[in-house]
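All remarks here apply to the structure that follows.
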Amino acid sequence: MVTFYDKEVASRFLLGTAQYPSPQILSEAAKAGEVDILTVSLRRETAGGQQAGQKFWELIQNLGVHVLPNTAGCHSARDAILTAKMARDLFKTNWIKLEVIGNSDTLQPDPFQLVEAAEELCADGFEVFPYMTDDLVLAERLLEVGCKVLMPWCAPIGSAAGPLNLTALRTLRSYFPDTPLVVDAGLGRPSHATTVMELGYDAVLLNTAVAKAGDPVAMARAFKHGIEAGREGYLAGMLEPRDFATPSTPLIGQAVFS
Amino acid sequence: MNLTVNGEEKAVSAATLADLLPELEFEGDWLATAVNSELIAADEREAFQLSEGDKVEILAPMQGG
């Protein structure tokens, strides 16, 4: 179990809902991954009966999961705050995945706008999941303004590059042993998820790696196994790498032939 | 009255935000609304009087990562 803002969830696999070949495949992938939290967004609705939002919302509700609305696409604290308020009104949850993009090419979060938005939203009763870079000082500021979960990227969104800076991720883990840490964005393969879970991260959030896989349902299952393997490995206590060999077979009792 | 709804110019007869939604064929309880960059919660739409030139945003759940 992992706890986010006093809410316990069984799964350490948070999944995005965009880019799937069909709603049915999204639904099957969420089930195959045994996901408890799905991220959703808010977009302009189309007038006149072609209301895509309705069907999508029904599908999410039928899955019986926790909904984590996001502020994707916002480039300022002001826009992100308004989007968060609209999401709370619609989804009836204080949870918000706070995204404030600072660079359009890398989709790197804007740390300054992020802290500003997080401070106002936390003061307004939101439970903020900030999508952030892996910067230690930024993490400290976000905790100071009231965030109780941190979600550092490990590589740019949708890049599938996997963890680019393990040292920074390790630093965050060691500085904040009691804060739920979720790697959000940049994971491409199940082994990437295993790697960050082996560092002691509490969960991962991903979307593209599953949605754009050849078989999204099988990939969701693979990520589930990867996440569980990494978590169990972390808890089991792993060996640190050594520079020289250490024989695994006992030397005592070895025959001497010459 | 002329409004901007989701970025498009609209001439409408509705006086309140609650009346605007059905007039423009937005239906259901899965909508979120803002006017002039301020949230208008679902339970405030009935009382919210629209004004000439208001910028209305009507959002719905959508796929996101």
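What follows draws every value from the coordinates through simple rules; no lab data is involved. This one's a predicted model, so the numbers in the text were calculated from it and none came from an experiment. Here Cβ is always computed from backbone atoms with ideal geometry, including for glycine, and neighbour counts include all displayed protein chains.
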Could you work out the Rg to Rh ratio of chain A, with Rh taken as the Kirkwood radius (inverse of the mean 1/r over all Cα pairs)?
-> 1.06
Charge sum, other residues only, whose C-beta stays under 9 Å from A:Pro152's C-beta, Lys/Arg counted +1 and Asp/Glu -1 | -3
Classify the range B:2-59 as rounded, prolate or oblate from the Cα gyration tensor: take a ≥ b ≥ c as the square roots of its eigenvalues, call it rounded if a/c is under 1.5, otherwise prolate when a/b beats b/c and oblate if not.
-> rounded
Gain upon complete extension [A:Leu136, A:Thr3; 0.36 nm per residue less C-alpha separation] | 45.7 nm
Which listed pairs, of A:Lys7/A:Lys92; A:Lys97/B:Lys10; A:Lys31/A:Lys85; A:Lys55/B:Lys10, have C-alpha distances above 23 Å, in listed order = A:Lys97/B:Lys10; A:Lys31/A:Lys85; A:Lys55/B:Lys10
Once you average over the residues of A:190-200, how many Cβ atoms of partner chains fall within 10 Å of each Cβ?
-> 0
Lys and Arg at +1, Asp and Glu at -1: add these up for the other residues within a Cβ distance under 15 Å of A:Pro177 and post the number.
-> 0
Total charge of the residues flanking B:Thr4 in space, meaning their Cβ is under 13 Å from its Cβ, with Lys and Arg +1 and Asp and Glu -1, is -2
Cα centroids of the range A:69-108 and the range A:15-44: how far apart, whole angstrom?
-> 18 Å
Using 0.36 nm per residue, how much length does the chain from A:Gln108 to A:Asp79 gain when fully extended, once their Cα-Cα distance is taken away?
-> 8.8 nm
Treating the angle as unsigned and between 0 and 90°, give the value, to the nearest 10°, between the Cα long axis of helix A:23-32 and the longest Cα principal axis of chain A.
-> 40 degrees
Hey, rough spin-label estimate for B:Glu8 and A:Phe244, points 7 angstrom out along Cα→Cβ, what's it come to in nanometres?
-> 7.6 nm
Per residue of B:26-36, what is the mean number of Cβ atoms on other protein chains within 10 angstrom of that residue's Cβ?
-> 6
Specify which residue in the list A:Pro130, A:Leu82, A:His66 is farthest towards the positive end of the charge dipole of the range A:53-153, using unit charges on the beta carbon of Lys, Arg (+1) and Asp, Glu (-1), about the Cα centre.
-> A:His66
Only Lys, Arg, Asp and Glu count, each charged at its Cβ (+1, +1, -1, -1), so figure out the dipole size of the protein assembly as shown about its Cα centre, rounded to 20 debye.
-> 1280 debye
Cα→Cβ-extended label distance, 7 Å offset, between B:Asp43 and A:Glu232, nm | 4.8 nm
Partner chain coverage, peptide A:213-224 - average Cβ within 10 angstrom = 0
